[in-house]
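Trainee: Before anything else, here's the structure in question.
What follows is calculated from the coordinates using simple rules that are stated; it is not laboratory data. Please read these numbers as outputs of a predicted model, since none were measured by experiment. For neighbour counting, all protein chains shown are included, and Cβ atoms are generated from backbone atoms with ideal geometry for every residue, glycine included.
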Amino acid sequence: MPSQKLIYIPISMAQNITKREKDYSQWYLDVIREAQLAEHSPVRGCMVIRPTGMSLWENMQQALDKMFKDTGHENAYFPLFIPKSFLSKEAQHVEGFAKECAVVTHSRLMSVDGGVEVDPDSKLDEELIVRPTSETIIWDTYRNWIQSYRDLPILVNQWANVVRWEMRTRLFLRTMEFLWQEGHTAHATKEEAVDETLQMLEVYRTFAEEFMAMPVITGVKTESERFAGAEETYCIEALMQDGKALQAGTSHFLGQNFAKAFDVKFQDKDGELKLVWATSWGVSTRLIGGLIMTHSDDQGLIIPPKLAPTQVVIVPIYRSDEERETVLEYGDSILAELKGLGVRAKLDNRDNYKPGFKFAEHEARGIPLRIAVGPRDVQKNNVELARRDTLSKSFESRDGIGNLVQDLLETIQVDLFEAAKKFRTEKTSEVETYEEFKQVLKEKGGFIYAHWDGTAETEELVKNETKATIRCIPLEKGEEGVCMVTGKPSKQKVLFAISY
RNA sequence: CGGGGAGUGGCGCAGCCCGGUAGCGCAUUCGCUUUGGGAGCGAAGGGUCGCAGGUUCAAAUCCUGUCUCCCCGACCA
């Protein structure tokens, strides 16, 4: 776990900064700033994603999108605005989102004394809601797309922005506007829809663990944590370095709720008119927050090789123009070799920064591997290779560097996952009594497995008394027992944690 | 939305208590010297002190309102 004190302090600046006490949030914000991922926008609770952050997101998008396509999905795009009446068609759905909607009421402005005001004459007949999620507008559309069982399944995904008027925001983890992907599928049978829900949960698990190197627990949400309008919400839960849990992705089995609300029926093989079964699933830019809080250290961000916009940076070291020329030529040849192997590499030939500065900067931005080359290396046919995750350095032969880098990138990917998993294991406890639960939560935090009687009352009680919530009922079945609070029977232990 | 803290050149801050017209470090630009872990010296540019009112001869400083950010609660991907 990072010391939470400071990252990236130029010695010359230290005296100015060290005065400031830093907590985990501040550390988190510092990583974002030093890695140049994002910043606050002039609008409350929103953020500007900088190119560095965007290319990271694009890599995540690309990997996810491929996994969606591989499982038979297609991309589509639905409108940003949802007529107010649509939202009220599914009772639970409105209830869940009503409190956090941005509402468009007018369509024009007018000049008044050099300023502008809303033109009262432009009031809309029906207000438009800026989508907090797209189930309603999509199911309204699906009604027209679906008549026969031959029209099913519909397997659609949308990459979009959504707006939720949050009371309290946090860069990446909870912004008012965020980028995400939302899959919306329609099926002829319940079994097929349930299978789809579980399949997408597995896609998310795979992405989190194999690409983000972020271990997750898969499970089902309790009724109180369920998505508004869903029959069942599945999720992946990750553990951050400060011991708090992060819901990293959700996959919902929506039953026939939206089909009923939007009157989406199909004629089946047997000639009968039936309601369509639905799923929806999504992950958002919150994943970037999860990535930061899983891997970063006091030197800054650490990006797993598979997602890193730049996987290897080559830093040339030289004194004279003559040396510069030889070293850059040497660096270029390495760059060409790496690129030829499909490695995302860059040569940092900026002339206005010294090598030490570049080392620190690339570390802050989380580039997995660094190759430093100077006159001595050229002479010996060497390179200096430095790993971001372990901060270790070694000298390697120039020959075969491409393959070595490829291997090392894979190693780093695996090591990051293993390190995160080790951390999670250490931060995971299993308790039998409520006393033990409270003590562990206070002293150690992290994930706690405990028996629960399955009632919302007990869940609520634990939440009120300890702030810990049931993150999920793990899919991996455990043994039966008795509830730590009430002593009533429990089918299996559930996962508790304090969450973001 | 309730409680606490904060908004001053691009970034990080001091100045505010006790009003007198803005300063430091970093960054930027130019020059010379430097370059294997965040370079040195010299010179230069850049701020109507979050915004709006008020008090005053005079406001970054005092008063009121408002917006935004951070932390703690309630809400949530």
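Trainee: Hey, if you put +1 on the Cβ of every Lys and Arg and -1 on every Asp and Glu Cβ in region A:123-173, which of A:Ile146, A:Thr169, A:Pro132 ends up farthest toward the positive end of that dipole?
Mentor: A:Thr169
Trainee: Another question, then. Please give the charge dipole size of region A:297-408, origin at the Cα centre, charges +1 on K and R Cβ atoms and -1 on D and E Cβ atoms. Round to the nearest 20 debye.
Mentor: The dipole magnitude comes to about 260 debye.
Trainee: Using Cα-Cα distances under 8 Å and only pairs 6 or more residues apart, what relative contact order does chain A have, in percent?
Mentor: Taking the mean separation of contacting Cα pairs over the length of chain A, I get 14 percent.
Trainee: Calculate how steeply helix A:456-466 sits against the longest principal axis of the alpha-carbon atoms of chain A, using the helix alpha-carbon long axis, and give the answer as 0 to 90 degrees to the nearest 10.
Mentor: 40 degrees
Trainee: Along the three principal axes, how long is chain A when you take its alpha carbons, biggest first, rounded to the nearest angstrom?
Mentor: Taking max minus min along each principal axis of the Cα atoms, chain A gives 80, 64, 57 Å.
Trainee: Fully extended, how many nm does the chain gain between A:Glu166 and A:Thr428 (0.36 nm per residue separation, minus their Cα-Cα distance)?
Mentor: Here the answer is 91.3 nm.
Trainee: So how tilted is helix A:190-206 from the main axis of chain A? Cα-based, degrees 0 to 90, rounded to 10.
Mentor: The answer is roughly 20 degrees.
Trainee: When we measure straight from the Cα of A:Lys260, which aspartates and glutamates land under 12 angstrom away, once same-chain ones fewer than 8 places off are left out?
Mentor: By straight Cα distance, A:Lys260 reaches A:Glu90, A:Asp140.
Trainee: I've got another one for you. To the nearest 0.05, what FRET efficiency results for A:Glu100 and A:Trp159 with a Förster distance of 22 Å applied to their C-beta separation?
Mentor: Calculated transfer efficiency: 0.55.
Trainee: Measure off 7 Å from each Cα along the Cα-to-Cβ vector at A:His40 and A:Leu391, then give the distance between these two points in nanometres to one decimal.
Mentor: 3.0 nm
Trainee: Does anyone have the angle between helix A:24-34 and the longest principal axis of chain A? Alpha-carbon axes, 0 to 90°, nearest 10?
Mentor: Approximately 60 degrees, to the nearest ten.
Trainee: Restrict the search to region A:41-79; then list the chymotrypsin sites (Phe, Trp or Tyr not before Pro) that DSSP places in a loop and that have at most 15 other Cβ atoms within 10 Å of their Cβ.
Mentor: Those that pass, being in a loop and sparsely packed, are A:Tyr77.
Trainee: Taking the Cα of A:Arg150, stepping 7 Å toward and past its beta carbon, and measuring to each backbone N in region A:253-288: which are under 18 Å?
Mentor: A:265-274
Trainee: While we're here: Let's see if you can work this out: charge +1 on each Lys and Arg Cβ, -1 on each Asp and Glu Cβ, no other charges. What is the dipole magnitude of region A:377-490 about its Cα centre, in debye to the nearest 20?
Mentor: My answer is approximately 420 debye.
Trainee: Moving on. For region A:232-358, build the convex hull from the C-alpha positions and give me its volume per residue in Å³.
Mentor: Each residue corresponds to 178 Å³ of Cα convex hull volume.
Trainee: Cross-link partners among lysines for A:Lys444, C-alpha distance below 16 Å, same-chain residues fewer than 8 apart left out?
Mentor: Those lysines meeting the cut-off are A:Lys244, A:Lys422, A:Lys427, A:Lys467.
Trainee: In region A:168-193, which residues have a backbone nitrogen under 19 Å from the label point lying 7 Å from A:Leu273's Cα in the Cα-to-Cβ direction?
Mentor: A:187-189
Trainee: Sticking with this one: If the only charges are +1 at each Lys and Arg Cβ and -1 at each Asp and Glu Cβ, what is the size of the charge dipole of chain A around the Cα centre, to the nearest 20 debye?
Mentor: With Lys and Arg at +1 and Asp and Glu at -1, about 960 debye.
Trainee: What ranking of A:Glu363, A:Glu435 emerges when the number of other C-beta atoms within 10 Å of each C-beta is taken as an exposure proxy, fewest first?
Mentor: Least to most surrounded, the residues fall as A:Glu435, A:Glu363.
Trainee: Could you list, in their original order, any pairs among A:Lys380/A:Lys421; A:Lys89/A:Lys442; A:Lys221/A:Lys421 whose Cα atoms are separated by more than 32 Å?
Mentor: Going by Cα-Cα distance, A:Lys380/A:Lys421; A:Lys89/A:Lys442 fall outside the 32 Å limit.
Trainee: Roughly what would the spin-label model give for A:Glu457 and A:Ser111, points 7 Å off Cα along C-beta, in nm?
Mentor: 6.7 nm
Trainee: Could you pull out every one of the lysines with an alpha carbon less than 16 Å from that of A:Lys306, ignoring same-chain neighbours closer than 8 positions?
Mentor: A:Lys66, A:Lys339, A:Lys346
Trainee: Please arrange A:Leu275, A:Leu246 by how many other C-beta atoms lie within 10 Å of their C-beta, fewest to most.
Mentor: Listed from fewest to most nearby Cβ atoms, that is A:Leu275, A:Leu246.
Trainee: Treat the count of other C-beta atoms within 10 Å as a stand-in for reagent exposure and order A:Leu273, A:Leu29, A:Leu416 from fewest to most.
Mentor: Listing A:Leu273, A:Leu29, A:Leu416 from fewest to most nearby Cβ atoms yields A:Leu273, A:Leu29, A:Leu416.
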